[in-house]
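Written out below as structure tokens is the structure these notes cover.
Taken together, the values in this text are just the output of simple stated rules run on the coordinates, not laboratory data. Source: prediction; values computed, not measured. No Cβ is skipped: glycine too gets one built from the backbone with ideal geometry, and neighbour counts run over all protein chains shown.
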Amino acid sequence: MIKRIEGFNKYIGVTGFRNVEIEDTKSFLDRIREKTEDASVQFFSANLIAGHEHLYFAVLNALKAFENNLNISNSLAVETLLYASAQRQIKKAVELLGIKAESSEIALLVIAETEDKVCETLEELSKFIPGVRDDNVIALSDEKFGKIKEFFGISELELKAKLEKKGFEKEALINLVIEHMALLAIEH
């Protein structure tokens, strides 16, 4: 998925990978950083990602934080990780949603000023990721539903109230995840 972020002159690209085997996460991330210029790149453990919308709104919130000088980190990629995990502490966000050696399903997010740069970076990085490209790992599956609900502290009452407005359980959960991320901005 490649999408323009309105009002910020940025594009994002999101893709997923399954059957990933990374022995040394630090050296893997160091090699990836060497391959990226003029783009922000962030990896996520896909098991707690509630679809493409989850990452889109994490980027949007991060960009707004930078615009309003309310950012916690100095990096757009790290700020996006904070919002995606709804955490204020970088270390905790990395522990909860960052990739680890045991992460077999990962999401890759690229943020750049042009659509071409996003495409180019996604293609280049895909060559170095030891796994199979599969965007289905990003989607909110039945298997991930309960984990995500628990991770974001979404109660049955909250979900039931949102269901009355939305009608579909997965769509309601995605909207609640987005709302929980937005609360991070209010806490500044």
Report task. Please identify every one of the trypsin sites (Lys or Arg not before Pro) in the stretch 81-188 that sits in a loop by DSSP and has no more than 14 other beta carbons within 10 Å of its own beta carbon. Result -> Arg88, Lys100, Lys127
Requested in this report: Would you mind ranking His180, His52 so that the residue whose beta carbon has the fewest other beta carbons within 10 Å leads the list?
Outcome: His180, His52
Requested in this report: Using +1 at the Cβ of each Lys and Arg and -1 at the Cβ of each Asp and Glu in the stretch 81-188, identify which of Ile129, Val94, Ala107 lies farthest towards the dipole's positive end.
Outcome: Val94
Query raised in the report: Listing Met1, Met181 from the residue with the fewest other Cβ atoms within 10 Å to the one with the most, what is the order?
Result: Met1, Met181
Report summary line: Sparse-neighbourhood loop hits (GluC sites (Glu not before Pro), the stretch 1-49; DSSP loop; Cβ within 10 Å at most 11 others) -> Glu6, Glu21, Glu23, Glu37
Report task. List the longest stretch of the chain that has no exposed loop site; here a site is one of the chymotrypsin sites (Phe, Trp or Tyr not before Pro) assigned by DSSP to anything other than H, G, I, E or B, with at most 13 other Cβ within 10 Å. Result -> 1-127
**Report entry** Net charge dipole size for the stretch 2-186 [Lys, Arg +1 and Asp, Glu -1 on Cβ; Debye, nearest 20]
**Finding:** 440 debye
Query raised in the report: So which GluC sites (Glu not before Pro) in the stretch 40-136 pass both tests, a DSSP loop state and at most 14 other Cβ atoms within 10 Å of the Cβ?
Result: Glu102, Glu113
Query raised in the report: What translational diffusion coefficient, in µm²/s and rounded to a whole number, does the Stokes-Einstein relation yield for the chain at 20 °C and a viscosity of 1.002 mPa s, taking the hydrodynamic radius as the Kirkwood radius over Cα pairs?
Result: 129 µm²/s
